[in-house]
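The numbers here are math on the coordinates, done by the rules we state, and not lab data. Being a predicted model, the structure only gives us computed values, none of them experimental. With ideal geometry, Cβ positions are generated from the backbone for all residues, glycine too; neighbour counts draw on all protein chains shown.
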Amino acid sequence: MNLRNYALVTGTYWAFTITDGALRMLVLLYFNGLGYSPVALAFLFLAYEFMGVVTNLLGGWVGTRTGLGLTLRAGLALQVVALIALTFQQVSWAEWVSVVFVMAVQSVSGIAKDLTKMSSKSAVKFVAGSEDGALFRLVAILTGSKNALKGVGFFIGAALLASIGFDAALWVLAALVAVALTAVMLMLNEDIGKSKRKAPLRSILTKSAGVNRLAAARVFLFASRDIWFVVALPVFLETELDWSFYGIGGFLAAWIIGYGAVQSITPRILRSSVSDVQAARTWSFALGVVAAAIAGLVAAEIAVTAAIVVGLVVFGIFFAVNSSLHSYLILAYADDDAVATDVGFYYSANAVGRLVGTLLSGLLYLWGGLPVALWGATGFVAITWLLTLRLPDLDNSPSQAITATVS
């Protein structure tokens, strides 16, 4: 294993992830405080998610042809630009002007996020080495730590907004990304992930059955989370339960941190004789049961606060295992000579799910509050489970990757 490159890529991704989580919370709480409706808040993130669809498709192809170092640098640089650009927004602007401006800037941030994410996760396959189980272990560590730090970013964003204000917070975050960009420019080998053959542009849509079916499942899995998480839950906590910025940021941060911690230890959780694919089916079904139970309790107004806090923690545990399994399976299904392209296609599907989930989060909350959003999430988890039933088996023996990581 190339420990130096893995540490550099992971550290860079950590720095970016903190700013990404902080920016999301900054934008959500700041504009909600200005009186923007749930649908308007959802629109602020739509361009961000839409650009993720495009960026992952084309970014993976570019990374395969040029090396992942270039795409990683580009992602970090664009995030600095986006953070600084948001400081130009003015409270005196009409709401529709602010929405259009923030959507445009968020589209740049969306490109930045997915270039960085695709580059970092693809690079893992090239630095993991050939040790049994190393790939699953390193993917779990990267994915889990990333999400834990995104939770830290949520809290940092809320805390910065409450303490130093919107513009100053953006400058602090821009400085952090600039430090990470400098480190990558000086130290990373840009040939990581560069393909020996020049894949044609049409290759971005030419995938194996495993990649295609897993990508479809990913769409509905992440839509199921964002339907309640992006707009519906934070707005509900502030407007219906009267939580403070610190309370909302702290709760969402704790959820993401715990979610990331579970992702990191997923290889240990899955100590079983079932295959990795069968585990994905089992855990997606269990996630659906949990989502339905939470939705039912909230809809029936039974211990609503406890159902949200405790129930969504349980949801996070099951969701984390599902997400970690998917993150491993895409690298297992990926073509060795087109890893970035396959991973880009997969995370493009991830971005589609987030896009759909973000829009529905605002719409469903407007139509029927948090209970309707939670029922929508439950329906999407059910579709995820149905799609996992179509996943092809891996070539390796059952649970080879899982058991190797805990031996």
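Sites listed here are chymotrypsin sites (Phe, Trp or Tyr not before Pro) in the stretch 248-328 whose DSSP assignment is loop and whose Cβ has at most 12 other Cβ atoms within 10 Å, and the list is empty. Using the average count of surrounding beta-carbon atoms within 10 Å as a protection proxy, the listed peptides 360-371, 300-311 rank, highest first, as 360-371, 300-311.
Residues 48, 13, ranked from the fewest to the most other C-beta atoms within 10 Å, line up as 13, 48. When the P(r) of the stretch 268-396 is calculated, the portion above 20 Å amounts to 52% of the C-alpha pairs.
In the stretch 280-339, the ratio of gyration radius to Kirkwood radius, Rg to Rh, stands at 1.21 when only Cα atoms are counted.
Taking the fewest neighbouring Cβ atoms within 10 Å as the starting point, the ordered list for 103, 51, 185, 118 is 185, 103, 51, 118. Residue exposure proxy: 98, 324, 119, ordered by other Cβ atoms within 10 angstrom of their Cβ from fewest to most, comes out as 98, 324, 119.
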